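Working notes, structure below.
The values are calculated or read from the model by the stated rules, or taken from the named source; none is laboratory data. The structure presented is a predicted model; accordingly, all values stated were derived computationally and were not measured. Backbone-built Cβ (ideal geometry, glycine too); neighbour counts: all protein chains shown. We work out accessible area using only protein heavy atoms, side chains counted, and drop any ligands, DNA or RNA first. Shrake-Rupley method; radii C 1.70, N 1.55, O 1.52, S 1.80 Å.
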Amino acid sequence: MYQEHYSLKAEPFPLSSRGEGLFFHESFKRCMSYLLYAFHRGEGMVLITGLPGGGKTTLIEEIVTETSDIEMPVTVVDCANLAGSDLLELYLEGLGVVAAPDVSNARAVRDTLASIRQARRPVLVLDDAHLLSEEDFKTVYMLCNLKQKGVHLVQVVLAGHPKLRETLLSPGKEQLHQRLVATCNIDALEMSETREYILHKLRAVGWTDNPSVAESVYGAIYRSSLGVPRWIDLICSRMLLNAMAGDREFISLDDICEVIRDLINEDLLPDQVRLSTQKKVA
């Protein structure tokens, strides 16, 4: 809709994880470096944490793209979709193992992965890993321990909410925690990064300052999104829709405040923002 109205090549703020212009802010780049470092080592486990909507899935998709041309197949399992399915079976299926071994037999699993490891170094990425069950964590531990001739057979990446770090530090998880070779958190954007993020996404789709945006708008978006990319995308998408509906070529502070109020009334912004606004009104 509004992309045609403003002659944009594509939707600049899609709610899917990837858009036309991937924005590499500081902590995102740091997490990318940690992952590549861990892949270079080829052993142990990597922990990536971040708030919902903060860019973990985007990071995973970028890593898959970055490694697509080397002999290191990355298998991504979304733990939100396990729903009672066996994690190990899903992983082997993702590797293209047709005749799956007895998954209860660690030696059979090791031999299967060893045959794959001769030509390629498989990587298992568990997205939404904070949803893993106790049994799943045991499977992860078993995979991290699989070796042949002293070489680790699987590289494991856990990506999830910040509470995942607490889980790995809890009693009973010491052995799993000791397998970590790198940990990092994708931080929310700072105020200046939020502005850069918005401009980067707009310019990536051919924005030519129509509609132009008042400087004060960026601060309002930052405060209402808490610097989380998913909320920024939602606010900016509605901002452009609202501007198109009013046939405006300039977006003012009043305009963005109207958009934010609508989103709060629709219960679409973070609880922290909604509660803060309610207290101010009261």
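Given a Förster distance of 41 angstrom, what is the FRET efficiency for ARG30 paired with ALA245, based on the Cβ-Cβ distance and rounded to 0.05? Write down the numbers at each step before the final one.
On the way: r = 40 Å, r/R0 = 0.97.
Given R0 = 41 Å and the Cβ-Cβ separation, E is 0.55.
With a 1.4 Å probe and every protein chain left in place, work out the accessible area per residue of the chain in Å², rounded to a whole number. Let's see the in-between values first.
Values: 13980 Å² over 282 residues.
Counting only protein heavy atoms, the per-residue value for the chain is 50 Å².
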Query raised in the report: How far, in nm, would the chain grow between GLU43 and ALA106 when pulled straight, counting 0.36 nm per residue and subtracting the alpha carbon separation?
Result: 20.9 nm
Report summary line: Rounded to two decimals, the Debye log10 I(q)/I(0) of the chain (Cα scatterers, no solvent) at q = 0.08, 0.09, 0.11, 0.15 Å⁻¹ is -0.42, -0.52, -0.72, -1.07
Report task. Go through the stretch 266-271 residue by residue and turn each phi into a ³J(HN,Hα) via Karplus (6.51, -1.76, 1.60, θ = phi - 60°); whole Hz please, and just put x for glycine and proline. Result -> 8, 6, 9, 9, x, 3
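For a quick protection proxy, order the peptides 245-257, 192-204 by their average other-Cβ count within 10 Å, most packed first. Write out the running numbers ahead of the final one.
Working: 245-257: 14.3, 192-204: 18.9.
Packing order, densest peptide first, comes out as 192-204, 245-257.
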Query raised in the report: Residue separation times 0.36 nm, minus the C-alpha to C-alpha distance between VAL64 and VAL97: what's the value?
Result: 9.9 nm
Query - DSSP-defined antiparallel bridges as percent of all bridges, the chain, nearest 5 - result: 10
Report task. Could I have the simple spin-label model distance between MET191 and ARG261, label points 7 Å from Cα toward Cβ, reported in nm to one decimal? Result -> 2.4
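Could you sort 263-273, 47-57, 145-155 so that the peptide with the highest average Cβ count within 10 Å comes first and the rest follow in order?
On the way: 263-273: 14.0, 47-57: 22.2, 145-155: 16.1.
Ranking, from highest mean packing down: 47-57, 145-155, 263-273.
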Query - Inter-probe distance in nm under a simple model that places probes 7 Å from Cα toward Cβ, at GLN178 and GLN272 - result: 3.6
Query raised in the report: P(r) tail for the stretch 114-265, what percent of Cα pairs lie past 26 Å?
Result: 50
Report task. Run the quick spin-label model on GLU89 and THR208: label points 7 Å from Cα toward the beta carbon, then report their separation in nm to one decimal. Result -> 5.7
Query raised in the report: GLU215 label point, 7 Å along Cα→Cβ, cut-off 17 Å on backbone N: hits in the stretch 236-276?
Result: 251-254
Query raised in the report: Of the accessible area of the chain, with the probe set at 1.4 angstrom, what percent is carbon plus sulfur?
Result: 49
